[in-house]
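Q: Following this message is one structure expressed as structure tokens.
Readers should treat all values here as calculations from the given coordinates under stated rules, not as data from a laboratory. Quick caveat, the model's predicted, so the values are computed rather than measured. Here the Cβ positions follow ideal geometry from the backbone for every residue, glycine too, while neighbour counts run over all protein chains shown.
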Amino acid sequence: MLAEGKLPHRIKKFHDTYGSMVPVAPDELPFIDFCAYAEIYTSRQFVRPKQWGTKPSGIEAHNLISAPQEDYLRYRKALSPAFSEKAIKLQEPIIMSYVDLLIKNLHDLTHQNAKENKADIDMVR
């Protein structure tokens, strides 16, 4: 279902039937209530799962996920302004230009494939 692109449509049907929050997996709870966004994603109390403290083999330096708690809090404080609503809105024109470029390239590939009688588009390319 995921590879076919039907999952978002199924989740939408679940929301229509069961409400604004619908568990779809043991660790996934999609919601469509805008008010829930701020409460869920702007919470100041975040407890990292224990497995986040481990580094992949061969990696010496810590990153945001593997850092000890005190370093993690420092990294998070430094990075959080980049994910504020204001910062994300400032990035919107850049992101939209890349989305437009993707759509244009897909459109061009579709026409090229139609001329060559091909049905598939190589998304990796």
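Q: Under a no-solvent Debye model with one identical scatterer per Cα of the stretch 68-116, what's log10 I(q)/I(0) at q = 0.22, 0.26, 0.28, 0.29 Å⁻¹?
A: For the stretch 68-116 at q = 0.22, 0.26, 0.28, 0.29 Å⁻¹, log10 I(q)/I(0) is -0.80, -0.89, -0.93, -0.95.
Q: Taking the Cβ-Cβ separation of I121 and E70 as r and a Förster radius of 35 Å, what is the calculated FRET efficiency to the nearest 0.05?
A: That gives a FRET efficiency of 0.15.
Q: Under the definition of Cα pairs under 8 Å and six or more residues apart, what whole-number percent is the relative contact order of the chain?
A: Rounded, it is 8 percent for the chain.
Q: Relative contact order of the stretch 1-43, please, whole-number percent, based on alpha carbon pairs below 8 angstrom and at least 6 residues apart.
A: 22 percent
Q: Where does the chain land on Rg(C-alpha)/(2.2 N^0.38 Å)?
A: 1.49
Q: Please identify every one of the trypsin sites (Lys or Arg not before Pro) in the stretch 86-118 that sits in a loop by DSSP and has no more than 15 other beta carbons within 10 Å of its own beta carbon.
A: K118
Q: Going by C-beta contacts inside 10 Å, put Y18, Y72 in order with the fewest on the left.
A: The order, fewest Cβ neighbours first, is Y18, Y72.
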